[in-house]
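Everything on this sheet refers to the single structure shown next.
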Amino acid sequence: MRCSASSSSTPTPRPSSTRSAPPRASLRRSPPATRPASTRPVGPTSAKVESSSDNFILIVGGLIALLYVTSLVIVRIGQRFIDRQALAQAEAARREQLWHREKMAALSTMAANVAHEVGNPLAVIQGVAAELPEAERGAARQIRAQGERIARMMRQIADFAAARSEAPEWVDVNALVKAICDFLAFDRRFRGLPIEFQPGEGLPACELVPDHLNEVLMNLLQACADEEPRRFAQLRVETRSLGGGVQLRIGGAGGALGEWWAQPRLAAVRRRIAEMGANARVSADAIEIDLLSPTAP
């Protein structure tokens, strides 16, 4: 029996004893996977530092805010204190001015009453003295001389205390200053402290409130008399021409006035001088007040 040639001649394949090599790409090592920096875990030390920094910033900011608020409160409290003090000073000045006006009005009324009550009997006494016999003329002359002295004193008091308005008027500074010095001579504080008045010649008339100058000069002279221990042996008041106005000098023989010019007692005097539109200067031995008022036409 014959077999076909195709079936008998085809060889049977044998399995290979060797394995196929893997691809080259699979032999390379893949790089290690990297994490993003933002997702890198933070250590406990870094977290504490960041927390401490945040707390420090908050504390500093809070302190700055607290200091700012505190400074605002201090400024407001200080401003209120200053405002209250200014109001108190203004009220004290107003009361002092009112008291001075009332005092001058009362003094004017008293001087008028005294002049009336004393003047009439004095005129009778002088008339009787004039009719005395010739043998008694010496006594009569003494009576009349003393009567004239009393009458002159009454006129000085009446001139000084004459009621004036608060409106400015043209004033003879020499006459006003002389009336003040004559009036203060009756004050026993000035018995051991004479006031020498040296009037200037050819002074122009000044437009001012007479009562204001009266207040300034009286307060200055009385402050000199009240000083203890007394350093002044004599007070000197001078007037002189100064351009378009008059300069008033208050000096002391034996002492300097500039040392006590800034004392609180004279605060009202300094304010009054400023309100008058005058200028005050302190020299070595005198206070100079420039009454820069236009002269009368």
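The values are calculated or read from the model by the stated rules, or taken from the named source; none is laboratory data. As the structure is a prediction and not an experimental result, all values here were calculated from the model. Methodologically, a virtual Cβ is constructed for each residue, glycine included, from the backbone with ideal geometry; neighbour enumeration extends over all protein chains shown.
Here is a list: Leu98, Leu66. Which entry is closer than 30 Å to Glu215 by Cβ, hydrophobic (A, V, I, L, M, F, W, C) and part of a helix (DSSP H, G or I)?
Leu98
Within region 133-173, how many residues are of a type in the set (A, V, I, L, M), surrounded by fewer than 17 Cβ atoms within 10 Å (Cβ to Cβ), at pLDDT 75 or above and over 26 Å from His116 (Cβ atoms)?
Residues meeting the conditions: 2.
Taking only region 278-297 into account, find how many residues are at pLDDT 75 or above and in a strand (DSSP E or B).
Summing the residues that are at pLDDT 75 or above and in a strand (DSSP E or B) in region 278-297 gives 10.
Strands (runs of 3 or more DSSP E) wholly in region 174-257 with at least 2 residues that are out of contact with any helix residue (DSSP H, G or I) (no Cβ under 8 Å at 6 or more places or on another chain) and buried (at least 20 other Cβ atoms within 10 Å of the Cβ) - which ones?
245-253
List every residue pair whose Cβ atoms sit under 7 Å apart, with the two residues 6 or more apart in sequence or on different chains, where the first one lies in region 274-293 and is among the hydrophobic types (A, V, I, L, M, F, W, C) and the second, anywhere, is part of a loop (DSSP other than H, G, I, E, B) and at pLDDT below 85.
The qualifying pairs are Ala278/Leu292; Val282/Leu257; Val282/Trp261; Ala284/Ala256; Ala286/Leu257; Ile287/Leu257; Ile287/Trp261; Leu292/Gly244.
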